[in-house]
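Okay, so here's the structure we're looking at.
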Amino acid sequence: MDASANRVDPHGMTHRNLTVPVLLLLVSLLLAACSSPTAATTATTSPTPIGEPSAEPTPSDATPSVSPTASATPDPTPAATVTPTPTPEPEVPIFAPAQEMSALEGTLNALAEVYPSPGEFSFAVTDMDTGETVGVNLDRLHLTGCTVNYFVLLQSTLDVQNGRIDESEVGDLIAATIRTSNPVTARELYQIAGDGDVIAGLERVSTLIDSLAGDDVVFDHPPLYGHESLGVDPNNYISAAAMNEALRATYADGVLEDEWLDYLLEKMTGVKDGLNYLLAVGPTVPVSHKNGFFPTDSGKWVDNDIGIVRFEQDGQERAYAVSFFSQFVPVKYGDVVLGQQLSTATWEFFQERYPTAELVAPPDTSDEPVEDAGATDETATTDDATSAGDTAVEDSVPADDTATTEDGSAADGDSDS
């Protein structure tokens, strides 16, 4: 045994040497003291980055510099959203007119501005080749009268084209509806379109109108039959621009196949002479058109005409759509001269735009006599510009009906019911 490890005191007791254990204790205390600040430092250092983000100013400054770039990127996005907003604004798509069409518009408005008769007038003309539309008060809503029956004529022709019905079921009704603007035969067409249900037919025609004319149309009932209503409004309304867009789409967008487009346009040239006093005046070619005329029970008049004029230039067919609407005219036929002036100015314009205009003659239908069904005005007398035996009142009311308008309203204010 090492003598340095133990010693015997004078009393005979043996003692261990404590030098080594004491040294070890001191070393461990020193190590503990050294390790303790390290832990404290670690604990203190941990929150420092959280509490002091400014300790890294460079990255912090760099981050905002990217942020503005990122936030600047969305700014154009709202701007892009604003840009399309005006696109749907013209519910009726109208191509910007060229300078010459703008000049025509100036002529038309000048004629309307100086016209002496009170009332509201609208006029639209569309070049079928270019899609340009100009006119007078294009977006004003007008009482339609029987011009709205153009759409049931179109629906009936579509149904024949698509094999839904046979032409023999509707051909004579279409002709009679056009010839005297007969609302009785028009109602039969709505009924056939609805498989025997007038309301179902109205719904189908309403869907067709929405697809062709946009939102500037209020369609509720067949003219003369206000009680057979979709519950939309007491009156039917349309703007000149919306009607022209429907006419343009019919002619230029392939709504009808060529064979059936020709069929409908031929039928629409079959208006009787006494009703060819608006859009048929001016053109030296037959006009495919549909009238709409009635007195309101307030004693004022609605007189409308819509159609398509076709002619040839050097062997190529040209065409334009045209719509004339008048309402609240205090004197019967007080609108006629203006309608004729606008129609004539338009025809003369297209003769200059497409020189050497010639007739697009409809096929000979002389072997297919048209008999008026329902209401007729063949025996009516006239007190103004129309020929004897043919009055511009496009259809008489059935004898057992007390209505005073072509649409059948007797006492509903200015209603075309």
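Need the full-extension length gain, Glu266 to Asn162, defined as separation in residues times 0.36 nm minus the C-alpha distance. One decimal, nm.
Values: separation 104, 0.36 × 104 = 37.44 nm, distance 1.90 nm.
Between Glu266 and Asn162, full extension yields an extra 35.5 nm.
Tell me the relative contact order for region 205-307 as a rounded percent, counting alpha carbon contacts under 8 Å between residues six or more apart. Write down the numbers at each step before the final one.
Working: 105 pairs, mean separation 17.3, N = 103.
Once normalised by length, the contact order is 17 percent.
Run the quick spin-label model on Asp215 and Ala200: label points 7 Å from Cα toward the beta carbon, then report their separation in nm to one decimal.
Rounded to a tenth, the inter-label distance reads 3.1 nm.
Label-point separation (nm) for Asp139 and Glu348, each offset 7 Å from Cα along Cα-to-Cβ?
Each label point is offset 7 Å from its Cα along the Cβ direction, giving 3.1 nm.
How large is the dipole of region 99-359 about the Cα centre if only Lys and Arg carry +1 and Asp and Glu carry -1, each at its Cβ, rounded to the nearest 20 debye?
Working: 14 positive and 41 negative charges, 170 e Å.
It works out to roughly 820 debye.
Please sort by residue number the chymotrypsin sites (Phe, Trp or Tyr not before Pro) in region 136-200 whose DSSP state is loop and whose Cβ has at most 11 other Cβ atoms within 10 Å. The partial results should precede the final answer.
Numbers: sites: Tyr150, Phe151, Tyr190; in loops: none.
In loop regions of region 136-200 (DSSP not H, G, I, E or B), there are no sparsely surrounded chymotrypsin sites (Phe, Trp or Tyr not before Pro).
Near the amide H of Leu141, under 5 Å away, which other amide H atoms are found, from residues 5 or more places off or on another chain, if H is placed in the peptide plane?
Excluding prolines and chain starts, which carry no amide H, there are no hits.
Extension gain Val331-Glu113, at 0.36 nm per residue separation less the Cα-Cα distance, in nm?
Values: separation 218, 0.36 × 218 = 78.48 nm, distance 1.81 nm.
Here the segment from Val331 to Glu113 would lengthen by 76.7 nm.
Given labels modelled 7 Å from the Cα in the Cβ direction, how far is it in nm from Val232 to Thr130?
Each label point is offset 7 Å from its Cα along the Cβ direction, giving 3.2 nm.
We did not get these values from a lab; they are worked out from the coordinates using the rules stated. Since the structure is predicted, the reported quantities are computational estimates derived from the model, not experimental observations. Glycine gets a Cβ as well: all are built from the backbone with ideal geometry, and neighbour counts include every protein chain shown.
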